[in-house]
1. Taking every eigenvalue of the Cα gyration tensor of the chain, multiplying by 5 and rooting it, what semi-axes result, largest first, whole Å?
2. Give the percent of DSSP beta bridges with both residues in region 1-154 that are antiparallel, rounded to the nearest 5.
3. Measure up LYS45/LYS179; LYS22/LYS179; LYS2/LYS170; LYS104/LYS244; LYS61/LYS104 against 26 Å on the Cα-Cα distance and list the ones that go over.
4. Roll a 1.4 Å probe over the protein chains and send me the accessible area per residue for region 3-136 in Å².
5. Roughly how many percent of the accessible protein surface of the chain is carbon and sulfur, given a 1.4 Å probe and a whole-percent answer?
6. Within the chain, which is the longest segment that contains none of the trypsin sites (Lys or Arg not before Pro) sitting in a DSSP loop with at most 16 other Cβ atoms within 10 Å?
7. Which whole-number percent is the relative contact order of the chain (Cα, under 8 Å, 6+ apart)?
8. Let me know the longest stretch in the chain that avoids all GluC sites (Glu not before Pro) found in a DSSP loop with at most 16 other C-beta atoms within 10 Å.
Amino acid sequence: MKYAILINGEYRQFKEAVRTWKFKDELDCDFYVSTWNRSFQYNSKLGIDLNEIITEEDILKYLPNANINIADQYNLDYEDETGNIPKVYIPFIAMKYHWQQCLKQLENSNKHYDTVVIMRSDLWLEHDNWESFFNNNNDDRVYSNGPITEDNGHPFINDLFLMGNLSNIKKIIKYFEPKNLQLNHQTLAESILSNNLFVETLDFGIQIMRPNLRRFGPPTPELVAKCNELWEESHSEDDMEYVKNNYKNVI
């Protein structure tokens, strides 16, 4: 069995997270990475102000054979839903760009994969049997850490982790080819449903690793959870606005 792992989004805690991906040493995996050339993380209440330059070496030292795309997020020639090219970072455009870029890299490889995963770069992952976990690629479904639910009358699904056979993952990503279609929690759920796919929830350890985790020793599931809780409690819209206004022109 051969697996493609599509890693997308801002670098953030990649170097801490990748150490928990034990499957990379146990299974035949190829990694396709699409990220930005800078990683910004700011939280005024926690005293965190990170502006880090990201290079290919920052990825290759952990994933030596990775296929990598590094883009400048503030000079990306990529249209939003109105046909304009934004001059600031917009999350829905960012995620769509990286998902499509990962798929493009995979297709250019001309390789066949039994299972494809698309996931964030900063995830703590834990499971007792990775081979069994990744051998989930039925034609009628995709696999995630949570089901499709309803949010204000619309379908909703978490976008942290999605797995399926190559055909189904392609269908979901290619659903977003129209330039006026955003990729968000709602439209991702719609793309799955429109392709007549069922979402099966898998039982495994998955958590977002936050930058305050760096202040402590080796991460444990409990520490990752506590740092994530503190980040969620303290991170604000003002913090995100600060990043947008202060980092976009940094050299």
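The values are calculated or read from the model by the stated rules, or taken from the named source; none is laboratory data. The shown structure was predicted, so the numbers you read here are calculated from the model rather than taken from an experiment. Every residue, glycine among them, receives a Cβ derived from its backbone with ideal geometry; neighbour counts consider all protein chains shown. Side chains included, ligands, DNA and RNA excluded: accessible areas come from the protein's heavy atoms. Shrake-Rupley method; radii C 1.70, N 1.55, O 1.52, S 1.80 Å.
1. On the way: eigenvalues 137, 103, 73 Å².
They are 26, 23, 19 Å, listed largest first.
2. Working: 7 of 24 bridges.
Roughly 30 percent of the beta bridges in region 1-154 run antiparallel, per DSSP.
3. Working: LYS45/LYS179 37 Å; LYS22/LYS179 37 Å; LYS2/LYS170 16 Å; LYS104/LYS244 28 Å; LYS61/LYS104 23 Å.
Listed pairs above 26 Å: LYS45/LYS179; LYS22/LYS179; LYS104/LYS244.
4. Here the per-residue accessible area is 44 Å².
5. Details: 5600 of 12270 Å².
Roughly 46 percent, rounded to a whole number.
6. After excluding every exposed loop site, the longest remaining stretch is 180-247.
7. Values: 448 pairs, mean separation 61.8, N = 251.
Once normalised by length, the contact order is 25 percent.
8. On the way: sites that count: GLU56, GLU79, GLU81.
Looking at the chain, 82-251 is the longest stretch - no exposed GluC sites (Glu not before Pro) with at most 16 other Cβ atoms within 10 Å.
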